[in-house]
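In what follows, a single structure is set out as structure tokens and then discussed.
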């Protein structure tokens, strides 16, 4: 997890514009995250290991399949980012439609740009079924957004927030 | 004579305190003009900013948008955010704009019942008339769901709703937004968003045993969030000490990522996913600039 954090730290700085964008470095950091995803993450959380320095929430073992799915998705999106690194970042995330804003479930068009008003009003987030091939031609920053969403989704479900 | 009157009132309050609470009228303040037109697109944006979607939708449980939220475990009981779809019976489809404005900004239901402050009307009181009309227009677009949300299970004595009148009198003053005239427009936009719609202080300001925010310690963090979570301090100093900048904070509100390469979890992960990720870059910059205490370059 520490290697993921280090790679993500460098990626975050580039995608937020705080350091210059370097496509080779993006691809390399994405590969590092890919190599640390999936089982490399899940084996760190043997059942019942709530002693010691863990921040895991016991929910992790009740919903192990979801944890595995997110750990695998991290690998998938990291692979997608390694491929998309040379695509020009697109800039701002597209504005959702009213329906998306108000909570309706997003379709794949959401991913590629247009968010609907339904998104705004409560549509669900990015389509989790997407594969790495679909990311190859996406702007790199959109793929990095998927990576961040994956990290956050897993921490939101399975990590206890302490000061 | 006046002293006698005061004593008589106090004696009455002591002897018949409950009756007094029951009969104590709630001042709903000035109403919004009922003919004000709202823009649904602008309202939907505000609904995201205000956390309506995240709290009133059981997202992890696959619930329909705004048909009622997941359980919120607090020291006062387990709250379920109600169905606020356009269903006329179990949602808010029968509400007028005036009803809606009074609920959102004053915390009073169309039946005249006070809401628990778990609904952050104490922040939404700063919403402008136009913002409220826009929100109302956006809620008209939401598909009706005819199933009510679960009933909240509130512990005694908090289950006595008339006690909320006392709470309101002690801990709430109906304030409109106060901008800072020496600051830039962007800084004040951030101030409005943070103090009003985004209600950051609901989690990041500690609360007293009665659930009222300790405003003397605004943004100093809280370790008593629903579900045993904690919220770090977000005063300008605390943020700077943790290495945040306006740029990195604005980026965290869309990406969920912190300067160290970590990602938010818990309730803040939900806030980014369901709320701040939907905002414009300009608004996230304004929020960050206000929290960092910096005026953005104009």
Next item on the list: Would you mind calculating the gained length between residue B:240 and residue B:71 on full extension (0.36 nm times residue separation, minus the Cα-Cα distance), in nm to one decimal?
Entry: 57.4 nm
Next item on the list: Could you check which residue among B:205, B:245, B:141 shows the biggest mean-square fluctuation in a GNM of chain B with a 10 Å Cα cutoff?
Entry: B:141
Notebook entry, point to check: At residue A:39 and residue B:160, where each label point lies 7 Å from the Cα along Cα→Cβ, what is the point-to-point distance in nanometres?
Noted result: 6.2 nm
Checklist line | In range of the label at residue B:22: residues from the range B:81-120 whose backbone nitrogen is under 18 Å from the point 7 Å along Cα→Cβ | finding: B:112-114
Check: Relative to the present Cα-Cα distance, how much length would full extension add between residue B:280 and residue B:216 at 0.36 nm per residue of separation?
Finding: 19.9 nm
Checklist line | Tilt relative to chain B, helix B:246-255 - C-alpha long axis, 0 to 90 degrees, to 10 | finding: 80 degrees
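For each of B:155, B:106, B:165, count neighbouring Cβ atoms within 10 Å of the residue's Cβ, then give the residues from fewest to most. Mind dumping the intermediate values first?
Numbers: B:155 11, B:106 23, B:165 17.
So the residues, fewest neighbours to most, are B:155, B:165, B:106.
What is the order of B:272, A:143, B:142, fewest Cβ neighbours within 10 Å to most?
Details: B:272 24, A:143 29, B:142 32.
Ordered from fewest to most neighbouring Cβ atoms within 10 Å, B:272, A:143, B:142 come out as B:272, A:143, B:142.
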Notebook entry, point to check: Hey, in the GNM for chain B with a 10 angstrom Cα cutoff, which one of B:61, B:107, B:196 fluctuates hardest?
Noted result: B:61
Note to self: Please check: in the Gaussian network model of chain B (C-alpha springs, under 10 Å), which one of B:100, B:156, B:219 has the largest mean-square fluctuation.
What the structure shows: B:156
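When ranked by the protection proxy of mean other Cβ atoms within 10 Å per residue, highest first, what sequence do the peptides B:225-231, B:169-175, A:68-74 form? Each step should come with its number before you reach the end.
On the way: B:225-231: 17.0, B:169-175: 12.9, A:68-74: 18.9.
Peptide ranking by packing, descending: A:68-74, B:225-231, B:169-175.
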Next item on the list: Determine, for B:45, A:86, B:80, A:21, the number of other Cβ atoms within 10 Å of each Cβ, and report the residues in order from fewest to most.
Entry: A:86, A:21, B:80, B:45
Check: Share of Cα-Cα pairs in the protein assembly as shown beyond 40 Å, in percent?
Finding: 21 percent
Note to self: For the pair residue A:22/residue B:228, report the inter-label distance in nm, with labels modelled 7 Å from Cα in the Cβ direction.
What the structure shows: 4.3 nm
Check: Which value at 222 nm does chain B reach when only helices count, each DSSP H run of 4 or more adding -39,500 (n - 2.57), with the total divided by all residues and rounded to the nearest 500 deg cm²/dmol?
Finding: -11000 deg cm²/dmol
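Bear in mind that the values in this text are calculations on the coordinates, not laboratory data. Please read all numbers here as calculations on a predicted model, not as lab measurements. Using ideal geometry, Cβ is built from the backbone for each residue, glycine included, and neighbour counts are taken over all protein chains shown.
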